[in-house]
Amino acid sequence: MMSDTQNRSKKGLFSFFLITLYIAAFSMLLYFLISGFDYYASPLTDHPHHELYKDLKPGGFRSHGFGILGSIMLILLLLYSVRKRMRMFQRLGPLSQWLNLHIFFGVTGPLFIILHSTLKLNGLVAVSFWSMVAVALSGILGRYLYLQIPRNIIGQELSLHEVVELNQNLMNQLTKNFQMDLPEIQKVESLFLISPQQEQNIIKSLFHLITGDVRFFLKSRKIKKQMRTHYQISTTQMQTFFGLLKQRALISRRINLWNKIHQLFHYWHVFHKPFALVMYIIMVIHIGIVIWLGYRWIF
């Protein structure tokens with residue numbers, strides 16, 4: 001069993017690795033976008049006459065490479081599902097890290113495909129492209145909903161009983177370490193988070209989840225300053241104090257919306273999976289036709 005220090009160290013290394021991946025991918029995308037901007041910005045009818053046409057057309061050397069790289073990233077998206085469903089892979093890192101890689105491939109893969117297509121979309125390719133966009137955008141929402149479900153350090157979902165127990169432990173830490181009673185804690189929580197009522201419908205619940213987080217983000221600095229003055233907490237203790245309050249408020253909200261959050265996650269899967277299936281089917285057809293027509297890139 002690894003210590004908390006080892007877990008934090010591994011988490012820090014993975015975060016550094018992930019940030020490096022994002023910087024490398026977006027730097028590459030930005031470089032090629034700027035270098036080919038004149039071609040991409042010109043009307044589609046003028047593309048065949050442009051000096052970069054042979055290199056940047058969908059079948060050109062550079063754009064073909066973008067298509068291959070983007071397709072590989074879309075295939076690598078499936079590794080998250082494999083890790084989640086197959087027991088033999090469950091020891092290969094926390095599920096949350098696999099999800100972060102899944103999101104990386106889901107964000108950068110479509111961007112390389114966009115460069116590959118040069119926005120020249122028609123027929124089945126257009127269907128696949130917009131399915132890919134729907135998958136990417138819904139993936140952002142899926143990540144947000146995933147974060148609404150409390151999990152342990154290896155990414156497994158906590159039961160409602162475990163969440164209630166965790167919430168009580170957080171309150172105990174606050175009352176013990178900072179001499180705050182429950183009414184004081186609830187008063188501070190109410191300043192920056194909304195707890196939607198259980199009877200609200202799915203759309204309203206999602207709206208309140210998002211607006212509650214936006215409200216917290218916008219007011220957090222001001223609230224920290226007020227609490228530091230009111231409770232006479234040192235700067236070094238403030239981070240722990242505020243972190244505990246935030247965790248407790250978020251968990252309280254998720255307990256209140258336990259069923260709604262799980263319903264939202266279920267509906268998200270219903271929306272996300274069909275678009276992903278369409279995207280992969282048409283991608284395979286597209287790649288098969290390209291190979292049949294003799295486009296081999298450098299292979």
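The values are calculated or read from the model by the stated rules, or taken from the named source; none is laboratory data. Just so it is clear, the structure is predicted and the values come from calculations on it, not from any experiment. Cβ atoms come from the backbone with ideal geometry, glycine included; neighbour counts cover every protein chain shown.
From the residues in region 24-46 that are under 14 Å from His116 (Cβ atoms) and touching a residue at least 12 places away in the same chain (Cβ under 8 Å), which one is nearest to the chain's Cα centre (by Cα)?
Filtering region 24-46 for residues under 14 Å from His116 (Cβ atoms) gives 28-29, 32-33, 36, 39-40.
Next cut, touching a residue at least 12 places away in the same chain (Cβ under 8 Å) only: 29, 32-33, 36, 39-40.
Numbers: Leu29: 19, Phe32: 25, Leu33: 24, Gly36: 29, Tyr39: 32, Tyr40: 28 Å.
It comes out as Leu29.
Here is a check on your reading of the model: is Arg91 in a loop (DSSP other than H, G, I, E, B), among the basic types (Lys, Arg), at pLDDT below 85 and assigned by TED's automatic domain parsing to the domain that holds Tyr144? Reasoning before the result, please.
Numbers: in a loop (DSSP other than H, G, I, E, B): yes; among the basic types (Lys, Arg): yes; at pLDDT below 85: yes; assigned by TED's automatic domain parsing to the domain that holds Tyr144: yes.
Criteria met by Arg91.
Going by what's in this entry, would Gly60 be described as of a type in the set (Gly, Ala, Ser) and touching a residue at least 60 places away in the same chain (Cβ under 8 Å)?
Against the criterion (of a type in the set (Gly, Ala, Ser) and touching a residue at least 60 places away in the same chain (Cβ under 8 Å)), Gly60 does not qualify.
Run down Ile223, Ile281, Ile291 and say which single residue is hydrophobic (A, V, I, L, M, F, W, C), farther than 28 Å from Leu78 by Cα and modelled with pLDDT of 70 or more. Break it down into steps so the answer makes sense when it comes.
Values: Ile281 fails: farther than 28 Å from Leu78 by Cα; Ile291 fails: farther than 28 Å from Leu78 by Cα.
Criteria check complete, one pass: Ile223.
Which ones in region 27-61 are part of a helix (DSSP H, G or I) and among the polar types (S, T, N, Q)?
Selection gives Ser27, Ser35, Thr45.
Which residues, counting only those in region 83-105, are within 21 Å of the chain's Cα centre (by Cα), more than 20 Å from Ser138 (Cα to Cα) and surrounded by fewer than 20 Cβ atoms within 10 Å (Cβ to Cβ)?
Arg85, Gln90, Leu92, Gly93
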